[in-house]
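Notes to accompany the following structure.
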Amino acid sequence: MNNAQSMQYFYPNQLGRIILIGMEEVVGRIGVNAVLNQAKLSQLIDNYPSNDLERNFKFEELSAIQQAFEEIYGPRGGRGLTLRVGRACFKHGLREFGPVLGFTDLAFRLLPLDEKLRTGANSFAEIFNRFSDQRVVVDEDNEYFYWTIERCPVCWGRRTDSPVCHLAVGLLQEALYWVSGGKFFNVEEVECIAKGDPICRIVIEKKSLD
């Protein structure tokens, strides 16, 4: 672990709670308990973080949860389930952070699709940058948006052979589906700190799949 990753960083309790509620939607309460036990986070069983913005949910706790999914269900099964958890997290998070995001504002709904995606991506990144210790930068070219996580909780402290930030990918998949009014987009993590890259980079194709 390098010096940066020896430091402690946090999500707000509210985001930690949303993640656990999203997990419950996908694998049920028994599945959540099994994952938390595997991640050595049994203190969270029936004791989810409070619904506030105090930064107490550690990056290494989220990373351990992602890893526990892979250990219990295998790499492919864990990937599929955490993608689904990410999508569920967006739906629950929208209820909590919707007013901040502005996604339901009439002015946002009337924007052209490409501008909706651009505005939505930047607003979504701002949630993490403002309320957590995660750092996100959004860039684009003619074909793609680039969601770059410079300080990533999903793979915090891990060493792997391939990208493992599946929860973040699922979160973005659902955000794009919601912002676009039901369209699907190709979303792929191409760089990951866990496999030795300097950042986690998720590439989003601007042209929808349908």
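Observations, loosely collected:
- Extreme residue, surrounded by the most Cβ atoms within 10 Å (Cβ to Cβ), among residues of the range 143-178 that are touching a Leu at 6+ places or on another chain (Cβ under 9 Å) and small (Gly, Ala, Ser): ALA175
- Number of residues in the range 128-177 that are out of contact with any Phe, Trp or Tyr (no Cβ under 7 Å at 6 or more places or on another chain) and under 18 Å from VAL85 (Cα atoms) equals 13.
- Within the range 179-192, the set of residues being of a type in the set (A, V, I, L, M, F, W, C), surrounded by 14 or more Cβ atoms within 10 Å (Cβ to Cβ) and more than 15 Å from the chain's Cα centre (by Cα) comprises VAL179, PHE185.
- Given (1) in contact with a strand residue (DSSP E or B) (Cβ under 8 Å, 6 or more places away or on another chain); (2) touching a residue at least 60 places away in the same chain (Cβ under 8 Å); (3) among the aliphatic types (A, V, I, L, M), index of the condition ILE193 fails: (2)
- Check on ARG158, under 28 Å from LYS58 (Cα atoms), charged (D, E, K, R), touching a Ser or Thr at 6+ places or on another chain (Cβ under 8 Å) and assigned to a strand (DSSP E or B): no
- Pairs, first over 25 Å from VAL26 (Cα atoms) in the range 80-106, second part of a helix (DSSP H, G or I) and hydrophobic (A, V, I, L, M, F, W, C), C-beta under 6 Å, six or more apart: GLY102/PHE108
Here, each number is a calculation from the coordinates, and none is a lab measurement. Remember, predicted model here, so these are calculated numbers, not experimental data. For neighbour counting, all protein chains shown are included, and Cβ atoms are generated from backbone atoms with ideal geometry for every residue, glycine included.
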